[in-house]
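First up is the structure itself, then whatever we jot down about it.
The values are calculated or read from the model by the stated rules, or taken from the named source; none is laboratory data. All of these numbers come straight from a predicted model, not from anything done at the bench. Cβ: placed from backbone, ideal geometry, glycine included. Neighbour counts: every protein chain shown.
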Amino acid sequence: MRHIISTLVVNQPGVMIRVAGLFSRRGYNIESIAVGKSEDPALSRIIIVVDADDDQVVEQIEKQLYKLIDVIKVNDLPPDESIERELALIKVNAGSQSRSEVLHIVNIFRAKIVDVGSRAVVVEITGGSDKVEALIALLKPYGIREIVRTGQIAMLRSNPGLR
């Protein structure tokens, strides 16, 4: 089962390495990790996506994170009470014959063309991982040259009980 762990940490060099190291020392694979400044410039928020079959494993991860001196707060974000997004840039072949088809697919996904060349375009998409994966699947037949993904970011909804 996929868990999204939001960790508020002191904004200092080396903190992300210590957090990531905690996962690797315990043999947990990080599916994605995203770090950025929070609403307080002295703090950063690390969003970690990890696959853990057991809720006890996630509880153990949280306890271990709290042992790190720079960790302020740790939350396991429930999928039904949080908003998740990912950004991806996809460079796809789009010559004169296939360009209109590629543009049509991009428009259906409300993605954007952010760069155009004579033989390829770069597409920017923001959304849940399922949306990103679906666009990639539809663009594959045209020939994907490169993909860059940010990893997921997430936060609790304003009104978690209401959707």
Residue count, region 148-163, condition loosely packed, with under 14 Cβ neighbours inside 10 Å and modelled with pLDDT under 95, comes to 7
Are there any pairs with C-beta distances below 9 angstrom linking a residue in region 78-95 that is under 19 Å from I4 (Cα atoms) to a residue that is among the aliphatic types (A, V, I, L, M) and assigned to a helix (DSSP H, G or I), with the two at least 6 apart or on different chains, and if so which? E86/V132; L87/V132; A88/V132; A88/L135; A88/I136
Here are some residues: V74, V19, V58, V50. Which one is among the β-branched types (V, I, T) and closer than 30 Å to L135 by Cα? V50
Would it be correct to say that K63 is exposed (fewer than 13 other Cβ atoms within 10 Å of the Cβ) and either free of Cβ contacts under 8 Å to residues at least 60 places away in the same chain or touching a helix residue (DSSP H, G or I) at 6+ places or on another chain (Cβ under 8 Å) (or both)? yes
Could you count how many residues in region 37-56 are more than 19 Å from the chain's Cα centre (by Cα) and either crowded, with 16+ Cβ neighbours inside 10 Å or under 14 Å from V74 (Cα atoms) (or both)? 1
Counted residues, region 39-59 - those being closer than 15 Å to Y28 by Cβ, in a strand (DSSP E or B) and charged (D, E, K, R): 1
Here is a list of conditions, (1) surrounded by 12 or more Cβ atoms within 10 Å (Cβ to Cβ); (2) free of Cβ contacts under 8 Å to residues at least 40 places away in the same chain; (3) not in a helix (DSSP H, G or I), and G21 meets all of them except one; can you say which number that is? (3)
Looking only at region 5-36, which residues are more than 18 Å from the chain's Cα centre (by Cα) and among the small types (G, A, S)? G14, G21, S24, G27
For I105, state whether it is surrounded by 15 or more Cβ atoms within 10 Å (Cβ to Cβ), within 27 Å of G36 (Cβ to Cβ) and touching a helix residue (DSSP H, G or I) at 6+ places or on another chain (Cβ under 9 Å). no
Kindly establish whether E62 is within 18 Å of M155 (Cβ to Cβ), in a loop (DSSP other than H, G, I, E, B), not assigned by TED's automatic domain parsing to the domain that holds L135 and not small (G, A, S). no
Search region 1-18 for residues being over 21 Å from A88 (Cα atoms) and of a type in the set (A, V, I, L, M, F, W, C), and hand back the single one that is surrounded by the most Cβ atoms within 10 Å (Cβ to Cβ). V9
Among residues of region 72-104, those that are among the β-branched types (V, I, T) and in contact with a Ser or Thr (Cβ under 6 Å, 6 or more places away or on another chain), counted: 1
